[in-house]
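Here's the structure, in structure tokens; my notes come after.
The values are calculated or read from the model by the stated rules, or taken from the named source; none is laboratory data. Because the structure is predicted, anything quoted here is derived from the model rather than measured. Here the Cβ positions follow ideal geometry from the backbone for every residue, glycine too, while neighbour counts run over all protein chains shown.
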Amino acid sequence: MPLAVITADITTLAVDAIVNAANETLLGGGGVDGAIHRAAGPALLAACRALPEAAPGVRCPTGEARITPGFALPARQVIHTVGPIWRGGAYGEAQLLESCHRNAVQLAREHGLHRIAFPAISCGVYGYPASLAAVIALGTLRKELASDPAFDLIVCCYSEPMRAVFQAALTSL
Ligand code: AR6
């Protein structure tokens, strides 16, 4: 199935790449970012630190994506992206969330990676309403799949209620 929604701990998936919902520093944090850094080991932080800064302290501006190896993870690579912080919806959040997904897929394409797992980007600490985020995430991934059917894209939710929200959005596309 080229586009699927599952419930799992994304750090356990043996895919070509998992996507990290990071912050602009790329130096780790809580949530899925913390889990990925813990499972990958300290080499991941060193690899992130070595990425060039786009501005002081900013290694990945919101909406963009960067790639590192997966180190101790079962996934070969980690694609780090930074979702928007939800500020009510009138601050370009939807466009930024779309560009996270588009840029992550683009980076995967450039590196010949096909099987990619995404977390529910921005749906945790960043406060994006899950039902709105799900439509954008899955709509963008479906568009990418239409132009490149070789991809196998997974949205990996961490809880059953979140999976149900994403599954409903997938069904409604
Ligand atoms: N596997 C899959 N999903 C997970 C996992 C996991 N192991 N752990 C948490 N989630 P969040 P954001 C889910 O807050 O909203 C970090 O501190 C979680 O339940 O991780 O984009 C960064 O450094 C939620 O549904 O990311 C940034 O500062 C989803 O992942 C900030 O949080 C995203 O929640 C980014 O916030």
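Which count do you get for residues in the range 91-102 that are surrounded by fewer than 24 Cβ atoms within 10 Å (Cβ to Cβ) and under 19 Å from ARG76 (Cα atoms)?
0
Test ALA22 against the stated conditions and say whether it is within 8 Å of the ligand (Cβ to nearest atom), over 17 Å from CYS157 (Cβ atoms) and surrounded by 19 or more Cβ atoms within 10 Å (Cβ to Cβ).
Criteria met by ALA22.
Against the condition surrounded by fewer than 24 Cβ atoms within 10 Å (Cβ to Cβ), of a type in the set (Val, Ile, Thr) and at pLDDT 95 or above, how does VAL105 come out, does it pass?
Details: surrounded by fewer than 24 Cβ atoms within 10 Å (Cβ to Cβ): no; of a type in the set (Val, Ile, Thr): yes; at pLDDT 95 or above: yes.
No.
Just for the range 116-128: of the residues that are out of contact with any Cys (no Cβ under 9 Å at 6 or more places or on another chain) and crowded, with 17+ Cβ neighbours inside 10 Å, which one is nearest to GLY70 (Cα to Cα)?
Applying the filter and picking the extreme gives ILE116.
Any residue at all in the range 34-41 that is under 15 Å from the mean Cα position of the chain (by Cα), more than 14 Å from the ligand (Cβ to nearest atom) and buried (at least 16 other Cβ atoms within 10 Å of the Cβ)?
Taking every residue of the range 34-41 in turn, none turns out to be under 15 Å from the mean Cα position of the chain (by Cα), more than 14 Å from the ligand (Cβ to nearest atom) and buried (at least 16 other Cβ atoms within 10 Å of the Cβ).
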